[in-house]
Amino acid sequence: MTQATPQLSRREQILQALALMLEEDSGKRITTAALARQVGVSEAALYRHFPSKARMFEGLIEFIEASLFERIRRILDDEPSALARCETIVQLVLAFAEKNPGLSRLMDGDVLTGETARLRTRMSQLFERLETQLKQILREAELREGLRPQLPVSAAANLLSAFVEGRISQYVRSDFRHRPTVHWEDQWRLLGGGLLTTTTHQTTSV
């Protein structure tokens with residue numbers, strides 16, 4: 001999102017500039033005046049494309065949703081194993097946040113403090129949708145592979161979602177120094193190793 005792309009529309013230029021400001025001005029409140037200077041247009045020109053700053057933030061959230069869930073759909077199509085699906089999805093979200101520091105501030109929600117409640121709800125719903133997808137994968141594991149989580153499905157999916165949110169939050173709080181994919185392989189070895197167990201328990205009749 002923050003990389004230069006040729007022939008961007010003005011709307012895309014505004015969103016890209018906003019993402020860049022979120023990255024470079026970490027901790028600062030973004031104003032439309034500052035954003036207009038970044039884009040090189042007047043504030044009036046900004047409002048011709050977005051009726052409010054809230055709609056600009058929503059445009060970025062829509063980009064995050066589309067980017068992540070399109071890739072998640074491809075993962076579900078390409079990968080039959082529940083454990084591999086969970087691993088790849090969690091790694092995808094962490095890598096996306098790492099590659100897009102400005103967007104990670106939106107994902108963490110810190111930049112939305114003081115903004116309209118609708119934005120915080122929208123961002124929260126993204127992670128709820130992610131957790132729901134993980135629940136579905138874990139439920140299907142028993143039918144497809146004879147595997148089940150060692151925790152209740154809801155608790156297992158929540159653990160994975162909380163891990164993702166926690167790593168992103170650390171990334172934002174550290175001003176992007178503590179990358180969320182650091183230690184990933186070792187951490188997944190522990191998380192994934194205890195996630196699923198076989199359901200093939202035979203009972204012996206007397």
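Here Phe69 meets the list (1) open to solvent by less than 60 Å² (accessible area, probe 1.4 Å); (2) more than 30 Å from Thr197 (Cα to Cα); (3) under 15 Å from the mean Cα position of the chain (by Cα) almost entirely, failing just condition (2).
Restricted to region 26-46, and to residues that are charged (D, E, K, R) and not in a helix (DSSP H, G or I), which residue is modelled with the highest pLDDT? Of everything passing the filter in region 26-46, Arg29 is modelled with the highest pLDDT.
Among the residues of region 16-51, the ones that are of a type in the set (Ser, Thr, Tyr) and more than 18 Å from Gly114 (Cα to Cα) come to 2 in all. When only residues in region 10-46 that are within 25 Å of the chain's Cα centre (by Cα) and loosely packed, with under 12 Cβ neighbours inside 10 Å count, which is nearest to Asp110 (Cα to Cα)? Step by step, filter region 10-46, then rank; the result is Gly27.
Of all residues in region 176-197, which are in a loop (DSSP other than H, G, I, E, B), touching a residue at least 40 places away in the same chain (Cβ under 8 Å) and not small (Gly, Ala, Ser)? Answer for region 176-197, where residues must be in a loop (DSSP other than H, G, I, E, B), touching a residue at least 40 places away in the same chain (Cβ under 8 Å) and not small (Gly, Ala, Ser): Phe176, Arg179, Pro180, Thr181, Leu195.
Does region 81-99 contain any residue that is small (Gly, Ala, Ser), modelled with pLDDT under 95 and crowded, with 18+ Cβ neighbours inside 10 Å? Checked region 81-99: no residue is small (Gly, Ala, Ser), modelled with pLDDT under 95 and crowded, with 18+ Cβ neighbours inside 10 Å. Within this structure, Leu134 passes the test of being surrounded by 13 or more Cβ atoms within 10 Å (Cβ to Cβ), modelled with pLDDT of 95 or more and out of contact with any Ser or Thr (no Cβ under 6 Å at 6 or more places or on another chain). The residues of region 28-86 that are within 30 Å of Leu134 (Cβ to Cβ) and acidic (Asp, Glu), listed by number, are Glu58, Glu62, Glu65, Glu70, Asp77, Asp78, Glu79.
Counting only residues that are of a type in the set (Phe, Trp, Tyr), give me the helices (runs of 4 or more DSSP H) lying completely in region 61-154 with at least 1 of them. It comes to 82-99, 117-145. Is one or more of the residues making up region 47-60 part of a loop (DSSP other than H, G, I, E, B), closer than 30 Å to Leu191 by Cβ and open to solvent by less than 60 Å² (accessible area, probe 1.4 Å)? No - not one qualifying residue is present in region 47-60. Of all residues in region 113-129, exactly one satisfies the criterion of being basic (Lys, Arg) and loosely packed, with under 13 Cβ neighbours inside 10 Å, namely Arg118.
The values are calculated or read from the model by the stated rules, or taken from the named source; none is laboratory data. Note that this is a predicted model, so its numbers are computed, not measured. Quick reminder, even Gly has a Cβ in these numbers, built from the backbone with ideal geometry, and neighbours come from all protein chains shown. These accessible areas exclude ligands, DNA and RNA; they are computed on the full protein's heavy atoms, side chains included. Shrake-Rupley method; radii C 1.70, N 1.55, O 1.52, S 1.80 Å.
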